[in-house]
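Below is one structure, written out as structure tokens, with a few remarks after it.
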Amino acid sequence: MINNLQNYKITVFGDSVSKGVFLDNNRLRKTEITAVDLLKNQYGIDIDNRSNFGQTLARLCNKGEVQRYVQSITDDQPNLAVFCIGGNDADYDWKSVALSPNGNHSANTDLDAFENMLQDNITMLQNKGVTVALTTLLPIDSQRYFDNVICALADGKQVMRFLNGDLSNISRHQQCYNDCILRVAMRNNCKIIDLRREFCLKNNYLDYMCEDGIHPNAQGQTLMAQAVARYIDSCSFADIA
């Protein structure tokens with residue numbers, strides 16, 4: 001059990017997954033309770049959740065949010081920064097894809113650029129003495145995402161031309177960003193909180209996901225909190241602070 005977690009100033013930089021927001025019939029909804037809320041209650045800690053729907057690492061950098069966070073750091077307590085981000089970076093502008101399915105389309109954030117930005121942010125934070133933790137990306141269900149999100153935004157037949165008729169291209173592409181997160185985390189001796197593993201080991205993992213195929217539902221938020229709690233209870237952040 002970590003006995004010094006309460007001493008840390010904990011900040012989460014994330015997207016809709018850590019915010020508890022999801023799409024339901026093209027309308028934004030929020031789960032009644034999030035993994036962050038559950039962890040705050042369980043450990044009696046304060047967590048500054050700076051997560052937003054649609055957030056990407058590129059937007060975080062462009063808005064200078066991590067830089068402002070670094071500038072606000074004081075020496076009165078240790079800091080822990082958690083990145084729960086990358087899913088939106090891996091996504092595409094599906095409207096543009098449908099308009100030109102045979103064209104060359106890049107993800108919202110190019111994979112190499114994503115890796116470089118992640119590295120730059122980690123270096124900046126660690127140079128300031130901040131302990132950095134990265135979470136893995138939740139698995140996505142390509143069929144649900146295609147049916148309930150992509151086809152609501154764009155012409156599904158045209159998108160399928162871009163995907164060469166293979167919906168698994170969506171999940172495989174996202175897997176590359178997850179692999180990047182793991183690679184950068186290990187290279188920099190960051191904490192790795194493997195949320196993806198918890199979902200993938202569930203034979204009924206779709207029961208933990210919303211109909212959009214990419215966001216956890218309330219049950220999924222609880223599963224996320226349980227995974228983080230097990231991680232917290234098995235190590236001490238002081239080990240690499």
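The values are calculated or read from the model by the stated rules, or taken from the named source; none is laboratory data. Fair warning: this is a prediction, and the values are worked out from it, not measured in the lab. Methodologically, a virtual Cβ is constructed for each residue, glycine included, from the backbone with ideal geometry; neighbour enumeration extends over all protein chains shown. Heavy atoms of the whole protein, side chains included, go into the accessibility calculation; ligands, DNA and RNA do not. Shrake-Rupley method; radii C 1.70, N 1.55, O 1.52, S 1.80 Å.
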* Look through the stretch 117-132, keep the residues that are assigned to a helix (DSSP H, G or I), among the polar types (S, T, N, Q) and within 22 Å of residue 5 (Cα to Cα), and return whichever of them is least open to solvent (accessible area, probe 1.4 Å). => 126
* **Yes/no for residue 136 being more than 18 Å from the chain's Cα centre (by Cα) and in contact (Cβ under 8 Å) with a residue 12 or more places away in the chain** => no
* Asked: If we only count helices (runs of 4 or more DSSP H) wholly inside the stretch 138-210, which ones have 1 or more residues that are of a type in the set (Lys, Arg) and open to solvent by 60 Å² or more (accessible area, probe 1.4 Å)?
  -> 156-162, 168-187, 195-200
* Take the stretch 1-54 and flag every residue that is among the aromatic types (Phe, Trp, Tyr) and at pLDDT 95 or above. => 13
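For (1) of a type in the set (A, V, I, L, M, F, W, C); (2) under 19 Å from the mean Cα position of the chain (by Cα), each residue gets a yes or a no:
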position: 68; (1), (2): no, no
position: 74; (1), (2): no, no
position: 80; (1), (2): yes, yes
position: 124; (1), (2): yes, no
position: 130; (1), (2): yes, no
position: 142; (1), (2): no, yes
* Structure fact -> Every listed condition ((1) touching a strand residue (DSSP E or B) at 6+ places or on another chain (Cβ under 8 Å); (2) touching a residue at least 12 places away in the same chain (Cβ under 8 Å); (3) not hydroxyl-bearing (Ser, Thr, Tyr)) holds for residue 186 save (2)
* Asked: Looking at (1) out of contact with any strand residue (DSSP E or B) (no Cβ under 6 Å at 6 or more places or on another chain); (2) open to solvent by 60 Å² or more (accessible area, probe 1.4 Å); (3) within 30 Å of residue 152 (Cα to Cα), which is the one condition that is false for residue 23?
  -> (2)
* Structure fact -> Of the residues in the stretch 40-57, those that are crowded, with 17+ Cβ neighbours inside 10 Å and under 17 Å from the mean Cα position of the chain (by Cα) come to 47, 49, 50, 51, 52, 55, 56, 57
* Structure fact -> Residues of the stretch 84-116 being of a type outside the set (D, E, K, R), closer than 23 Å to residue 13 by Cα, without any contact (Cβ under 8 Å) to a residue 40 or more places away in the chain and in a loop (DSSP other than H, G, I, E, B), in sequence order, are 92
